[in-house]
Every structure is written in structure tokens, then in C-alpha cells.
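Report on the following structure.
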Amino acid sequence: MNSKHMIAAFCAAGLACGALADETKPAPEAQESSELSWAPGEGVTFGETKVINTEVGVALDSRYMTYGVIDGKDPILTPSAKMTFFDWFYAGVSSIFDMTKGNGKRGGYGNRAARYTTIDATVGIAHEFEISESIGTFGFDFNYIYEYIHRYYDDDGAKCVDDTQYFNLELTLGGHWLEPTLAIERDLMADEGTYVNLSLAHEFPLIDGKGEDDDPILAFTPSVGQGFGNTQRARGYFWNKLTEDPLDHGGLMDTEIKGELTWNFAPGLSLSGYIAYSDYWLDANMRDGARAHNAAWGRSCDHSWNFYGGLALTASF
């Protein structure tokens, strides 16, 4: 082999090695994905690992509803904030504000218009797992809430209200036409009651997102839910309208039918609105108790059913 042939062979080998090196060299995207980054709606990430995400929001509800009954017939405003760490652990705070003096007057705690009635501090652990194509995704959320209630007293100076605490567990199954959610609430101080709610929902995308994995820009989600309360929960919330004794009877509570429209109008920003109807269809004793509870808010509320709605603005960053 003469020198010209040797030089040509070396050049060919060099080009081949260079091509092989280019094929094995990590792609620029892979290198960039190992860096700390931030994006609206995604929060701070390190590669594909979520580090911290913050969500703030404010909700306006036409009535203060709990377990399908009225705890305030005038509108309420609920600001909230939550920080999630590594897509597992979170801490948050929310507060309910009366918008008029009506809730306080009927509820016996005075004029709380534009002032808070409760403050909830929450810590929890939540995550979603991709199980399989047939099973879909499984999500859980377990949290503890300490609820501080503003102090008020009767004419004799006795305190009328105490704080309370809750344990909550929520289980979801996603990736199906009907997606079930099971929510369990345990009150630790006020009535030591337990409330369970099973709901089914389906999301109809009205305007698809720009990417395959993006949430729809506009979506409508109808749902139906059924609540159950044990004896302690019923005794803490309801009473017999005729004897005015506590209702010593647990059972099926509120049935709720709801429709929610969500508009994801910008990265990390969404506006949602809902309308809902609830009633106590499945238990006559509970229905009487709900009617008596609602009647405390005036003759116009002397029934077990309710229509209500609300709006919510949420920012995630």
C-alpha cells in the first residue's frame, strides 16, 4: 500500500469514527433536560423531575354549601394557595370570607362581611401512578387539615364555636370514559363524624390543546356524586324537625348533579365555572333533617334541595 492509499484509508477511518461518535453522543435535548428550569404551569423542574410547583386561586360560590345543605345562604369568597414538592408532598392554606352580613346574622356570629369566617391549614401527600393501558391511572391524596374558626360568644359570654381538625383521603381512577372518585373525610373534634362521597365524572373536550399531552383549552365535565354519613355526622348536622332532637341515624346523604366548564386560557392559568343541584333522595330521615337544617336560613330555604353555582380562577407556576 503506497502512501496515498494509506492517507485515504486513515481519512475514511476518521470519518467513520466521527459518524459513530455523532450517533452515540447524547442529543442536545437530553443534555438540556438535566438542567434546572421553570415554565408556567409546570413550576421548577430538574430534568424530568418536578421540584416545586405553586398554585394560587380564588373561588366565588353563590352559597356556602356543605354535604348538600346550607351553611350560609349568601355568597362566599375563598382564596387559597398551595405549594407541592417533588410531585408528592404539599402544604396549603385557604380561607372563607363572607361577602355580605347575611350569613353572620343568620348563623349567629354577627356581621362578617368582607372578613374571614374560617382558615384552613393543610399538609398532605398526593401522587398519580400510571398502572396500565386497561386499568389507567391511579391517584391518591391523603391530607390533614386544621380548621381555625373565628371566635364569637353568646349573650352570657360563653364561647359558641371551637376549632376542628380533619383527616381526608381521596382515591381516583383515570383514563376511562367514566372516572370514579372516592373521598373520605373524618372529623376529629367537632362531631367526630365520617363522611364518604363517591362520584363519577366524564370530561368532554370542546377545544383541544395544541400539544398531544396538553389539557383541553375548553372542556365541559358533568358529574354525579352520592354522599354517606355515619351516625356521628348525622347527629352533628341534623335534627328532628318535630322533636328538635339530634337525628340519631346514619345513612345516605346528598346526591349532587354538577356541570363544570373549564377554560385553560393561558399556560398555567384557568377559569372555571359550575352549576349544581343537590337533594336528599335516598333516605327519608336524612331528607327531613336536611329540610330542618336549611329552614334555619329562612322560609325560602325550607326544603331539602338546592341549586347553586360558582366561579374559580387558578394560576399555577
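The values are calculated or read from the model by the stated rules, or taken from the named source; none is laboratory data. Only a predicted model underlies this, so the values are computations on that prediction, with no experimental measurement involved. Surface accessibility is based on the protein's heavy atoms, side chains included, excluding ligands, DNA and RNA. Shrake-Rupley method; radii C 1.70, N 1.55, O 1.52, S 1.80 Å.
Rounded to the nearest whole Å², what accessible area per residue is found for the chain with the 1.4 Å probe?
Roughly 59 Å² per residue, with all protein chains present.
When the Cα centres of segment 206-226 and segment 75-146 are compared, how far apart do they sit, in Å? If you average the Cα positions of each part, the centres end up 22 Å apart. What angle, in degrees between 0 and 90 and rounded to the nearest 10, separates the Cα long axis of helix 3-24 from the longest principal axis of the Cα atoms of the chain? Helix 3-24 and the main axis of the chain meet at about 0 degrees. Shown here: mean projected area of the Cα convex hull in nm², derived from the displayed model; of the candidates (1) 17.5; (2) 22.6; (3) 18.9, it corresponds to (2).
In order along segment 279-295, the phi-based Karplus estimate (6.51 cos²θ - 1.76 cosθ + 1.60, θ = phi - 60°) of 3J(HN,Hα) comes to 7, 9, 7, 9, 8, 5, 5, 5, 4, 5, x, 5, 4, 5, 5, 5, 5 Hz; Gly and Pro are listed as x.
Karplus-based coupling profile of segment 42-58, in residue order and whole Hz: 9, x, 8, 10, 10, x, 9, 8, 6, 9, 8, 9, 10, 10, 10, x, 9, with θ = phi - 60° in 6.51 cos²θ - 1.76 cosθ + 1.60 and x standing for Gly or Pro. 3J(HN,Hα) along segment 101-118, derived from phi through the Karplus expression 6.51 cos²θ - 1.76 cosθ + 1.60 where θ = phi - 60°, amounts to 8, x, 4, x, 5, 6, x, x, 10, x, 7, 10, 4, 6, 10, 6, 10, 9 Hz, with x in place of Gly and Pro. By the helix-only formula, in which each DSSP H run with n ≥ 4 contributes -39500 (n - 2.57) and the sum is divided by residues, the chain has a 222 nm mean residue ellipticity of -5000 deg cm²/dmol.
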